[in-house]
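First comes the structure, then the notes that go with it.
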Amino acid sequence: MYNFGKLLGLTILSIAAIAIFSGHKAFAADCDMLVPGASGSVAANCIKYVNQANTSGVSSAGGLISALNGDLSSGVPADVTSAQWIVSQISPDGSMAGLQQALAQSDVTTTVTTLGNVTQPCNDSGYNYTTNSVDRLFQCDPSSDSVLQIVQNGRQILALRRLCGNAIGGTARLTVNHPPTGSFASISCNPSTEQYTIRFSYGDQDGATTAEIQSPGGKVLWGPSGGTGATWVVSTNSLVIADFPISLWVKDVGPGASNTYKKLASTSYANCNPVGSINAASSCYQVTFKLWDPNNPTGNINYRLSVNGAANQGTFSGGQNGATVTRDVSGLTGFTYWGRNTIQLIGVDNQTGGQATLGTATLTQICGSVACGISTMPGRVIAGEQIQFQVTMNLHSIAPTLPPNGPPGATFTTINFDASSSKNVGYTDSGGVLYSNKVTLTPQTAGYYTVTWTFGGGSSNPSTLSCNAATPTEVAYEQYFTVQGGDVSAGPGYTYSGSCVPDKAATITGYNLDSGATPRNFFGSNTDHAALATSSISGFATNAVNNIAANSSGSADGISGDAPSGLAFANTGSSGTTYGGSILGASSQSWCVPDYASTVTGSTGTSLPTNAALDSLAANQTGYVYRISGDLTSLGGFTLPAGVHVTVIVSGDVYINNDIQYGGYSSFQTVPQFSVMTIGGGSIYIAPNVKTLQGFYDAEPTSSGAGGVIYTCGSYSGGAFAAIKNYGTCDQNTLTIYGAVSSKQFVPGRTTGNVATTSSITDSPGEQIIYTPELWLGSVSSPNTSCATDPAQASCTYQSYTSLPPVL
């Protein structure tokens, strides 16, 4: 049978017990259920108890908890079981603690209300002693005036009859809101992505929720984003130091939740090393890069640079996130103009001062380059003479400055001239020009040659460059002329109608070697005696007997240390050279050549006899005088007999195409004499086949200075006179003039011989002018009238011959 015991503080009472327990129990037994179908005094007593219980019934959550705890600790099986059943029905987890937590929530209300407000199906429960359990009885007394009702979030959980303590209506569990959870696992910098990496987890066991990461000021740094139960990874480069400590906020969801975010965790920042990248600009000396500190990505950051592995250069400033920095590295230690420079970028941490290597770039171009320069080889050199010269390379750079030196390891690999060459010639650097070491060589063969050279090797850019001189160099046989027994002068004026104007620009120019040794050894163009010139004397030495080397090998001087200008008079003028000159200086004094033709008297004919006729002329010291109008196109090929004096005066040009010699003579009275004089600007041209001329040769210019030139290698052909300027034509013979010459200009054109000995050419003069006594012995006219008829008489005889020094 059913026996309803205590339920939520309900105790099976007898009538006698009512007085004892009234006022102490929260509920009395359901009177009409204790004795089903009974009536009368029992029901009356029950009503009495109920009336008493109405004043002390459970009417709040706290009262319910207190009653349940009392029953659970009473030890009365019916009380304990009944209490446990109620707890199991409504507690979220079946425990008293869970029930207490649930009843304390704001969305749970415990109130006393009328039975009419209970809308769920009516059922009662009671304790079954036989089964020691709570049974549900589907009986209900609608006349009960009130119930204890538990409601959560608008939903009825449990309704108890307040007067009798039985549960009515269907029970439902209370629910408990669980708080959200979340925490940071780690925070670090990711070098590959240049970002912070934040690892964290969050969730709410009541259901899906959302989370966000905030700065101390409430700035949302990440989120909101939904999810539960996982570890999240967030990468960002937007965090700065001011954003720390960052905090994790998670929204509370579930029964009774307010859907507000709760701060669950926070963490300080992890220092991030600088990050960035470097790129080689399209340049040989510039790099572009950007860098920043993730802790302060918008602020400046210091950086350093390493060039080709050299020590870090800097510290520089100016790196900033989003801004590209372009840097000239040509002034940094380790930079080379002769290779592709490799630049390493090092960022300096804003917080710790530590360094981080951010990247390396190799520049795309080479700054330094070489270009062909020049050769110092002169335009004309003497065959057989040792010469020294250099070639150059010019340095260039596309960097702001020139390289401070040439490419390491590079050389002038070859330097060529004629058949001579030098290899692996080093260089010196001077002001952006690379000068080769001096090259010494001795060219042997005349001709035109171009100096060529190749530069390269080592770090040269380009690796090999071939160059050549802009113009060829002439290797020439430098023929020279000598004067023996007489002086040489240049610049005196000619007397015309009593006037004479010296040529202040007249020079004596020849070829001469100077060994440069001490004592100085000169060899080449020279005179035994003196030389005088209104302007400079160049390459023509004086006092050859005592001061000139015997040959081009450089034997010792006759007079140690004497200069070649020893008898170059007035050689202190402003235009004087090693060889002297400037006889008149700045003075305006006159210096005149006699008008030789005007002193000649008499006339023999207007045309020259044949060579045979000249060979057979009878002795005539008073002279044969031939005055020829116009050009004389053939002269020479005869031997003038003893005692014969011939003077040829030509008003045009003269072409000497054969030797002119003197025959034998037995005394000074029979010395022959031959003179050729041009007037009116005529010149004298001597054919290249002519070897020997004896006599006096004079070419007078016009009053305006035209004509009056003697060419030692000339021609006449087709009615035209010309100076020959061909080495192969003029190298046939040496010309020797026994006598003297006088002209406005003397042009020695013979190319035989050379001032320096070569493999095929000796060091001999091309022209020799030898002043002999014949010139003045043969010109002695009769000292008195009787000498013409009796030259043997004493008054017509030279008594002595004396050579005197110059009177200065």
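The values are calculated or read from the model by the stated rules, or taken from the named source; none is laboratory data. On a predicted model such as this, the values are computed, not experimentally measured, just so you know. All Cβ positions, even for glycine, are placed from backbone atoms using ideal geometry, and neighbour counts span all protein chains on display.
Among residues of the range 643-666 that are farther than 20 Å from Gly630 by Cα and assigned by TED's automatic domain parsing to the domain that holds Asn611, those with a beta-carbon under 8 Å from a residue that is among the aromatic types (Phe, Trp, Tyr) and part of a loop (DSSP other than H, G, I, E, B) at least six positions away or on a different chain give the pairs Gly643/Tyr665. Among the residues of the range 579-633, those that are polar (S, T, N, Q), over 30 Å from Asp503 (Cα atoms) and at pLDDT below 90 comprise Asn620, Gln621, Thr622. Could you tell me which numbered condition Ala311 fails, if it satisfies all but one of (1) modelled with pLDDT of 85 or more; (2) assigned to a loop (DSSP other than H, G, I, E, B)? Ala311 satisfies all of (1) modelled with pLDDT of 85 or more; (2) assigned to a loop (DSSP other than H, G, I, E, B) except (1). Filtering the range 321-328 for residues that are outside any loop (DSSP other than H, G, I, E, B) and farther than 30 Å from Tyr196 by Cα leaves a non-empty set.
Return the residues of the range 422-446 that are part of a strand (DSSP E or B) and surrounded by 14 or more Cβ atoms within 10 Å (Cβ to Cβ); say none if nothing qualifies.
Ser422, Val425, Tyr427, Asp429, Val433, Leu434, Tyr435, Ser436, Val439, Leu441
Select from the range 606-633 the residues that are surrounded by fewer than 16 Cβ atoms within 10 Å (Cβ to Cβ) and free of Cβ contacts under 8 Å to residues at least 24 places away in the same chain and write down the one among them that is farthest from Gly719 (Cα to Cα).
Ranking the candidates gives Ala613 first.
Here's the yes/no breakdown for (1) at pLDDT 85 or above; (2) touching a Phe, Trp or Tyr at 6+ places or on another chain (Cβ under 6 Å):
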position	(1), (2)
Phe184	yes, yes
Ile198	no, no
Asp206	no, no
Ser215	yes, no
Pro224	yes, no
Trp232	no, yes
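So which of Tyr337, Tyr427, Tyr435 ends up being in contact (Cβ under 8 Å) with a residue 24 or more places away in the chain and either within 30 Å of Asn302 (Cα to Cα) or hydrophobic (A, V, I, L, M, F, W, C) (or both)?
Answer to the selection: Tyr337.
Yes/no per residue for (1) modelled with pLDDT of 80 or more; (2) surrounded by 20 or more Cβ atoms within 10 Å (Cβ to Cβ); (3) under 19 Å from Glu385 (Cβ atoms); (4) in contact with a Leu (Cβ under 7 Å, 6 or more places away or on another chain):
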| site | (1), (2), (3), (4) |
| --- | --- |
| Phe746 | yes, yes, no, no |
| Thr752 | yes, yes, yes, no |
| Ile761 | yes, yes, yes, no |
| Thr772 | yes, no, no, no |
| Gly778 | no, yes, no, no |
| Ser782 | no, no, no, no |
| Thr785 | no, no, no, no |
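Looking at this structure, is Ser56 in the same structural domain as Ile150 (by TED's automatic domain parsing), modelled with pLDDT of 50 or more and among the small types (Gly, Ala, Ser)? Spelling it out, it is not the case that Ser56 is in the same structural domain as Ile150 (by TED's automatic domain parsing), modelled with pLDDT of 50 or more and among the small types (Gly, Ala, Ser). When the range 719-761 is examined, which residues are found to be of a type in the set (S, T, N, Q) and over 55 Å from the mean Cα position of the chain (by Cα)? Thr729, Gln732, Asn733, Thr734, Thr736, Ser742, Ser743, Gln745, Thr752, listed by residue number.
Restricting Ser258, Ser282 to those that are outside the structural domain of Ile213 (by TED's automatic domain parsing), assigned to a loop (DSSP other than H, G, I, E, B) and among the polar types (S, T, N, Q) reduces the list to Ser282.
For the range 528-545, the set of residues classified as under 19 Å from Pro765 (Cα atoms), within 57 Å of the chain's Cα centre (by Cα) and assigned to a strand (DSSP E or B) consists of Ile537, Ser538, Ala541, listed by residue number.
Leu264 passes every criterion in (1) free of Cβ contacts under 8 Å to residues at least 24 places away in the same chain; (2) within 30 Å of Thr181 (Cα to Cα); (3) hydrophobic (A, V, I, L, M, F, W, C) apart from (1). In a residue-by-residue description of the range 366-383, the property of being modelled with pLDDT under 90, in the same structural domain as Asn296 (by TED's automatic domain parsing) and of a type outside the set (Asp, Glu) applies to no position.
Within the bounds of the range 299-306, is there any residue that is buried (at least 21 other Cβ atoms within 10 Å of the Cβ) and either in contact with a Cys (Cβ under 6 Å, 6 or more places away or on another chain) or over 30 Å from Ser397 (Cβ atoms) (or both)? So far as the range 299-306 goes, yes, one or more of its residues are buried (at least 21 other Cβ atoms within 10 Å of the Cβ) and either in contact with a Cys (Cβ under 6 Å, 6 or more places away or on another chain) or over 30 Å from Ser397 (Cβ atoms) (or both). Taking the criterion of being over 14 Å from His645 (Cα atoms), out of contact with any strand residue (DSSP E or B) (no Cβ under 6 Å at 6 or more places or on another chain) and of a type in the set (S, T, N, Q), the residues of the range 661-708 that qualify are Ser666, Ser667, Asn689, Thr702, Ser704. If we keep just the residues of the range 407-421 that are assigned to a loop (DSSP other than H, G, I, E, B) and surrounded by 17 or more Cβ atoms within 10 Å (Cβ to Cβ), which is nearest to the chain's Cα centre (by Cα)? Step by step, filter the range 407-421, then rank; the result is Pro407. Which of the residues belonging to the range 634-648 are at negative phi and buried (at least 19 other Cβ atoms within 10 Å of the Cβ)? Passing the criteria: Leu635, Phe638, Leu640, Pro641, Val644, His645, Val646, Thr647, Val648. Among the conditions (1) in contact with a Cys (Cβ under 9 Å, 6 or more places away or on another chain); (2) closer than 30 Å to Gly753 by Cα, Val391 misses just one, which is (2). Could you tell me whether the range 113-129 includes any residue that is in a strand (DSSP E or B), in contact with a strand residue (DSSP E or B) (Cβ under 9 Å, 6 or more places away or on another chain) and modelled with pLDDT of 65 or more? Within the range 113-129, one or more residues are in a strand (DSSP E or B), in contact with a strand residue (DSSP E or B) (Cβ under 9 Å, 6 or more places away or on another chain) and modelled with pLDDT of 65 or more.
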